[in-house]
Amino acid sequence: MSEVITKTLQDFDLDGMVLEMWGQLPPHSSKNAIHVIKHISESFRQKDLTLILVIPPPVYYEGKGSSVTREEFLEIEPMVDAFSLMTYDYMATAPPGRAGPTAPLVWVESCVKMLDPGRKARNKILLGLNFYGYLYGKLRIKAIVGTEYIQLLKSRTAQIEWNTDFAEHIVLLDASDGSTEVVFYPTLMSVQKRVELAKELGTGLAIWDVGQGLDYFYDLL
């Protein structure tokens with residue numbers, strides 16, 4: 001498999017690959033996954049190709065653990081050129097219907113420090129930066145991108161608040177049934193806070209996803 005992937009990248013004159021597999025692993029299969037990553041890495045190194053591995057955060061909402069551990073991070077680190085760390089979707093493990101931040105700043109920082117407390121591989125961590133957000137309604141949760149966010153602000157009565165605990169803006173929207181819908185979507189201030197955090201931690205950034213954000217977000221990068 002590694003030889004086929006390597007040849008395909010070379011045939012299309014590509015620099016490397018972003019590999020996303022960890023989040024889809026069945027339970028107790030990390031050893032097999034690391035074995036696969038090792039073979040891909042060896043093949044890539046021979047051809048000077050770049051390997052970036054996408055990994056989930058070590059914890060989610062209220063400290064619920066994920067499928068990656070510090071020990072696995074340290075074992076894989078020599079095999080890859082970088083980790084794309086998914087420091088977003090914090091509420092993925094929250095009770096159904098509960099509204100909350102996409103990537104609270106304290107949590108983002110703790111994820112990096114949990115994986116690399118000694119700052120030995122920070123230069124290989126790309127801090128996940130979401131350019132999408134979520135709308136929470138009475139009966140729905142919907143992922144939204146920049147164009148949808150602007151349309152919501154244009155078409156609804158909105159109240160925007162800055163939450164210092166999350167370092168994210170919260171938008172309260174009047175719904176047609178009289179209820180209030182809540183939106184968490186990045187703003188210049190929230191993006192700037194995360195860019196500053198990445199510099200402080202000594203990491204890079206990985207945007208999810210280019211094209212989903214507002215054009216002026218890139219002015220901060």
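Among the polar types (S, T, N, Q) and either farther than 27 Å from P95 by Cα or in contact with a strand residue (DSSP E or B) (Cβ under 8 Å, 6 or more places away or on another chain) (or both), is that true of Q24? Reasoning before the result, please.
On the way: among the polar types (S, T, N, Q): yes; either farther than 27 Å from P95 by Cα or in contact with a strand residue (DSSP E or B) (Cβ under 8 Å, 6 or more places away or on another chain) (or both): no.
No.
Of the residues in region 177-209, how many are among the acidic types (D, E) and within 25 Å of K154 (Cβ to Cβ)? Looking only at that region, the number is 3.
Which ones in region 190-210 are surrounded by fewer than 20 Cβ atoms within 10 Å (Cβ to Cβ) and within 28 Å of K138 (Cα to Cα)? Across region 190-210, the qualifying residues are W208, D209. Residues that are open to solvent by 20 Å² or more (accessible area, probe 1.4 Å) and aromatic (F, W, Y) were ranked within region 27-68; the one that is farthest from L115 (Cα to Cα) is Y61. Contact map, region 3-31: first residue farther than 27 Å from S67 by Cβ and in a helix (DSSP H, G or I), second residue of a type in the set (S, T, N, Q) and open to solvent by less than 90 Å² (accessible area, probe 1.4 Å), Cβ cut-off under 7 Å, separation 6 or more or different chains; pairs are E3/S43. Within region 142-167, being touching a strand residue (DSSP E or B) at 6+ places or on another chain (Cβ under 7 Å) and open to solvent by 90 Å² or more (accessible area, probe 1.4 Å) holds for T157, Q159, I160.
Filtering region 42-57 to residues that are out of contact with any Ser or Thr (no Cβ under 6 Å at 6 or more places or on another chain) and either farther than 12 Å from M79 by Cα or not in a strand (DSSP E or B) (or both) leaves E42, F44, R45, Q46, D48, L49, I55.
Could you check region 6-16 and list, in sequence order, the residues that are in contact with a strand residue (DSSP E or B) (Cβ under 7 Å, 6 or more places away or on another chain) and either charged (D, E, K, R) or open to solvent by 40 Å² or more (accessible area, probe 1.4 Å) (or both)? Selection gives D15 alone. Within region 93-102, one or more residues are surrounded by fewer than 14 Cβ atoms within 10 Å (Cβ to Cβ), of a type in the set (G, A, S) and over 19 Å from the mean Cα position of the chain (by Cα). Of the strands (runs of 3 or more DSSP E) lying entirely inside region 75-183, those carrying at least 1 residues that are among the hydroxyl-bearing types (S, T, Y) are 82-85, 133-136. Tallying residues that are touching a residue at least 60 places away in the same chain (Cβ under 8 Å) and more than 19 Å from G23 (Cβ to Cβ) within region 80-105 yields 6.
The values are calculated or read from the model by the stated rules, or taken from the named source; none is laboratory data. In this text the structure is predicted, and so the values were computed from the model without any measurement. With ideal geometry, Cβ positions are generated from the backbone for all residues, glycine too; neighbour counts draw on all protein chains shown. Surface accessibility is based on the protein's heavy atoms, side chains included, excluding ligands, DNA and RNA. Shrake-Rupley method; radii C 1.70, N 1.55, O 1.52, S 1.80 Å.
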